[in-house]
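Just so it is clear, none of the values below were taken in a lab; they were calculated from the coordinates. This one's a predicted model, so the numbers in the text were calculated from it and none came from an experiment. Quick reminder, even Gly has a Cβ in these numbers, built from the backbone with ideal geometry, and neighbours come from all protein chains shown.
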Amino acid sequence: MTTNTDRAQWARNAVKSFAVETRMTGETAETQMTDLLCVMMHLAKKDSLDFVSLLDDAASTFDQDVQEEIEVENETKVLSSVELYILNKTGYHFVVHFPLDLAGMPGAVRYDNHELLLKAHAKASGIGLDELGESIEFCMTSDGYTETPLNTCVYPVDLKDGQSIEQYINDWIV
């Protein structure tokens, strides 16, 4: 995906190329950009284009690019702030930090908070709360899913062919 940082770098490259071509390398970036815009106006006039309309279109595209970047950042924040408390069908408890399709997890139960999850696990297993181990945590990264089982080491999740993350978590057993 092209980012606004990529776009800014393309513009920086264009300004540098223009500065070299026009022997303006000793000028400030502001002066170089102003001159580049000026010669773009000459080009638009020569080609019978309305430069102000071009600027309006560019400003509109810029606003869209900025808005898309904000939406992606907000979406990422929402995903990273998700916490699901799951007791799987085999009786293990998990904290999952991304959305899950619980319909793909028959026999699993979702709880509203960590305390309720632990109480349910203790009750289902017949052991005391103080005897329960740490919850296993699952996270989503740009490289896939990770799990942190019982010992704070982070391991990549190895999904088998066609296996969903929901199936993996629901079938999880020591």
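Annotations for the structure displayed:
- Here r is the Cβ-Cβ distance between Ile173 and Ser142 and R0 is 25 Å; the resulting FRET efficiency, rounded to 0.05, is 0.35.
- Helix 4-21 axis, angle to the chain major axis (alpha carbon atoms, nearest 10°): 30
- Cα-based shape type of region 4-80, given that a ≥ b ≥ c are square roots of the gyration tensor eigenvalues and the cut on a/c is 1.5: oblate
- In the chain, the ratio of gyration radius to Kirkwood radius, Rg to Rh, stands at 1.30 when only Cα atoms are counted.
- Listed residue (Thr28, Ser60, Val39) projecting farthest to the positive dipole end of region 25-68, Cβ model: Val39
- Estimated [θ] at 222 nm from DSSP helical runs (n ≥ 4, -39500 (n - 2.57)) normalised by residues in the chain, nearest 500: -16500 deg cm²/dmol
- Computed magnitude of the charge dipole of the chain (debye, nearest 20; Cβ of K, R +1, Cβ of D, E -1): 200
- Relative frequency of Cα-Cα separations exceeding 13 Å in region 89-141, percent: 61
- Between 0 and 90°, nearest 10: helix 114-125 axis offset from the chain longest Cα axis: 30
- Reachable lysines from Lys89, criterion Cα separation under 23 angstrom, eight or more residues apart if same chain: Lys119, Lys123, Lys160
- Nitroxide proxy distance, nm - points 7 Å out along Cα→Cβ at Asp50 and Thr31: 3.5
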